[in-house]
1. Of the options Pro201, Phe173, Ile140, report the single residue whose Cα projects farthest towards the positive end of the charge dipole of the chain (beta-carbon charges: Lys, Arg +1; Asp, Glu -1).
2. Considering Cα pairs under 8 angstrom that are at least six residues apart, work out the relative contact order of the chain and quote it in whole percent.
3. Let me know the Kirkwood hydrodynamic radius for the stretch 84-160, please, with Cα pairs as the basis and the value in Å to one decimal.
4. Given charges of +1 on the Cβ of Lys and Arg and -1 on the Cβ of Asp and Glu, with all other atoms neutral, how large is the dipole of the stretch 37-91 about its Cα centre, in debye to the nearest 20?
5. Against the globular-protein guess of 2.2 N^0.38 Å, express the Cα radius of gyration of the stretch 1-131 as a ratio, rounded to two decimals.
6. Using only Cα atoms, what Kirkwood radius does the stretch 167-287 have, in angstroms?
7. List the chymotrypsin sites (Phe, Trp or Tyr not before Pro) in the stretch 1-40 that DSSP assigns to loop (not H, G, I, E or B) and whose Cβ has at most 15 other Cβ atoms within 10 Å. Which are they?
8. When every alpha-carbon pair in the stretch 218-287 is counted, what percent end up more than 17 Å apart?
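Each reported figure results from applying straightforward, stated rules to the coordinates on display, with no laboratory input. Remember, it's a predicted structure, so these values are computed and weren't measured experimentally. Cβ: placed from backbone, ideal geometry, glycine included. Neighbour counts: every protein chain shown.
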Amino acid sequence: MAIDFTKWQGCGNDFVLIEDMDERVADASKLAARICDRHFGIGADGLILLLPSDSADLKMRIFNADGSEAEMCGNGIRCFSRLAYERGIVTRGEFSVETGAGILRPRIVKERDAIVGVCVDMGEPRLLSREIPAVDFVGIGENDRVVGVQMKVDGAGFRVTCVSMGNPHCVVFIAENGYDDIMSFPIERFGPLFERDAHFPRKTNTEFVKVIDRSHLRMRVWERGAAVTLACGTGACATLVAASLNNLADKKADIGLDGGTLHVEWKGDNHVYMTGPAEKVFEGRFE
């Protein structure tokens, strides 16, 4: 079967998007592993399907490069939203998308009638241990927040803050471990160990963060099911929330990523809003 696709990227986090409004894709997990392979497939961090929804304007499903399905992806939903808008699948500049993390509302951002990005209401951060989930930390009950809590990984001690943006995140501020240069932090060593740690029964995305000042943070990410990626939108949101909870940043900041910058704001309605780019790379047909 031939499948038409479009390749997109948001801050270097890249995706293959398939419009599947007639729901022809039977085994998306297997297809994702084939398509995302950078040597034998198209190459991407994930596969995203545009689907019909009974509860929103559209439905989004996202599969990591290893074939596992994720609840949500911040960079992915921006790419999804711009494609849906430019293809005329939706006609309004603000619409609703059903995701594994609930119904989210992206808004197309324009300047002088030109699309310059997408702003997404990412909803409320989930902070209780049972909501993330992040379990079995000493002194932390299922209805407690996991903020500035000690854990050991590969013999090294870390102080972590855990947040769910519909998917689990563990945020580490590297200065507390004696690192000043974010690029020298051994993310390839610690990232997979955090991901599979027993404290995280559904695994976790891990953000390693350098605080520049109260409105600028620099983040690198190890994504669950995808390893190191150039950006993570939900991770940027979790990073701002974690920095604010630890009084390291205000509730509005620019988050610098390996592939670009996202603007994140935790507003008075307790919702987190993420704004950033979404760019088409190319399109084609996959056999």
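1. Positive-most Cα among the choices belongs to Phe173.
2. On the way: 720 pairs, mean separation 57.9, N = 287.
Reported relative contact order: 20 percent.
3. 15.9
4. Details: 6 positive and 8 negative charges, 45 e Å.
Rounded to the nearest 20 debye, it is 220 debye.
5. Values: Rg = 14.6 Å, N = 131, 2.2 N^0.38 = 14.0 Å.
Working it through for the stretch 1-131, the quotient is 1.04.
6. Working: mean 1/r = 0.0668 Å⁻¹.
This gives a value of 15.0 Å.
7. Qualifying residues, ordered by number: Phe40.
8. Values: 1147 of 2415 pairs.
Tail fraction, whole percent: 47.
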